[in-house]
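These notes concern the structure reproduced below.
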Amino acid sequence: MAHGTHDHDEDPRNENVLIHVNGELVPRERAMVSVLDSGFMLGDGVWEGIRVHNGHLAFVDDHMRRLYEGAKAIDMDIGKTPDELIALIEETLAANEMTNDVHIRLMITRGMKLTPYQDPRFTITPPTIVILPEYKMPKPATLTQGLSLFTVHVRRGRPDVQDPKWNSHSKLNCISACIQAAKAGADEALMLDPQGFVATCNSTHFFIVRQPDGPDGPSEVWTSTGDYCMPGITRRNVLRLCEQHGITAHEKNFSLTEVYGASEAFVTGTFAGIAPVGEIDGRVIGNGGRGPMVEALQNHYLEMMESLAQ
């Protein structure tokens, strides 16, 4: 059974991993938060997924910027500087002797509540900080075989409803989209914006490859405007790679018609990096698997990752 870009093989080493919970390193079976925690009770918090590659926290400064911007937007004081938070992550990795092929979920909630109620003024403790590292890598097939997407009725919301740029614990709209796609037999959901243009996927960012001048013309990489997307770090890095390697890339509005006529499609995310898409709403995209543009960008992205550890 497919699980989208987060499909992975279970690693028995994770059973013995120590998890950071509010300054204490505890075994997985004892890593818990209170039922009065804001995150459990209300989804009130922000989080980041961070990869460890060859002993390096990949793009950690970008992750910290996004984390702290989200926390400030919801008026939550994390209570630690980015450097202090990075130090806690590194201490957790060192305690577990983890240096590579690791994915970290960093979760910060507003803290414990005096009573079940949404008002932040009823919070009685500092923020809850959880650092959960796992040995976790995408299955090799994810990077070569095309994922299937299904366009769902659940839209990305406007910022005056719930700003899609928050990487918040409140993910019910994305979960609803994921459920609809899974019920349709797809790996992930393709989500539209309020105007009906393509926005993003439920857990990844979406790109297509087109030849505007005809099949023999140069290829261009398109992604959404970003107005209704979380500010994706891998998404931004793909756009940087396009610029560095002379690939024309556009952030623009485009419709499903242009998606169905694309020569390639792919998604991006911290966990799997760049993964090809082979089918959308029953339409085969390109050859149904990894095309030349996706393979080239994957190689460029790997080179970028390798350069971080030098």
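Throughout, read-outs are computed from the coordinates displayed, never taken from laboratory work. Since this is a predicted model, take the numbers as computed values, not measurements. We place every Cβ from the backbone using ideal geometry, glycine too, and count neighbours over all the protein chains shown.
Some observations on this one:
- With Cα atoms, 0 to 90° folded angle of helix 60-73 axis to the chain main axis: 70
- What the pair-distance distribution of segment 156-310 shows, using all Cα-Cα distances binned every 10 Å from zero, is 11, 41, 36, 12, 1 percent.
- Relative pair counts by distance (%), Cα atoms of segment 10-135, 5 Å bins: 2, 11, 21, 22, 19, 14, 7, 3, 1
- Cα point-scatterer Debye curve for the chain, base-10 log of I(q)/I(0) at q = 0.06, 0.10 Å⁻¹: -0.21, -0.58
- Net charge of Cβ neighbours under 15 Å - reference Ser263; Lys, Arg +1; Asp, Glu -1: -4
- Within segment 140-308, percent of DSSP bridges classed antiparallel, to nearest 5: 65
- Helix 233-244 and the long axis of the chain differ in direction by around 40°, with both axes built from C-alpha atoms.
- Cross-link partners for Lys80 among the lysines, with Cα-Cα distance under 27 Å and sequence neighbours closer than 8 places in the same chain left out: Lys72, Lys113, Lys165, Lys171.
- Fewest-first sequence of Lys183, Lys165, Lys113 by Cβ atoms within 10 Å of each Cβ: Lys183, Lys165, Lys113
- Over segment 67-204, the reciprocal of the mean inverse Cα-Cα separation, the Kirkwood hydrodynamic radius, stands at 17.8 Å.
- Cα-based helix-to-principal-axis angle, 82-96 vs the chain, degrees rounded to 10: 90
- Counted by Cβ distance under 14 Å from Ile124, the other residues give a net charge of 0, where Lys and Arg count +1 and Asp and Glu count -1.
- Sequence ranges 75-85, 265-275, 143-153, ranked by mean other-Cβ count within 10 angstrom, highest first: 265-275, 143-153, 75-85
- Spatial separation of Cα centroids for segment 119-135 and segment 5-36, in angstrom: 15
- Cα radius of gyration and Dmax for segment 225-293 (Å): 12.5, 34
- Put the Cα centre of segment 209-254 next to the Cα centre of segment 57-90 and the gap is 28 Å.
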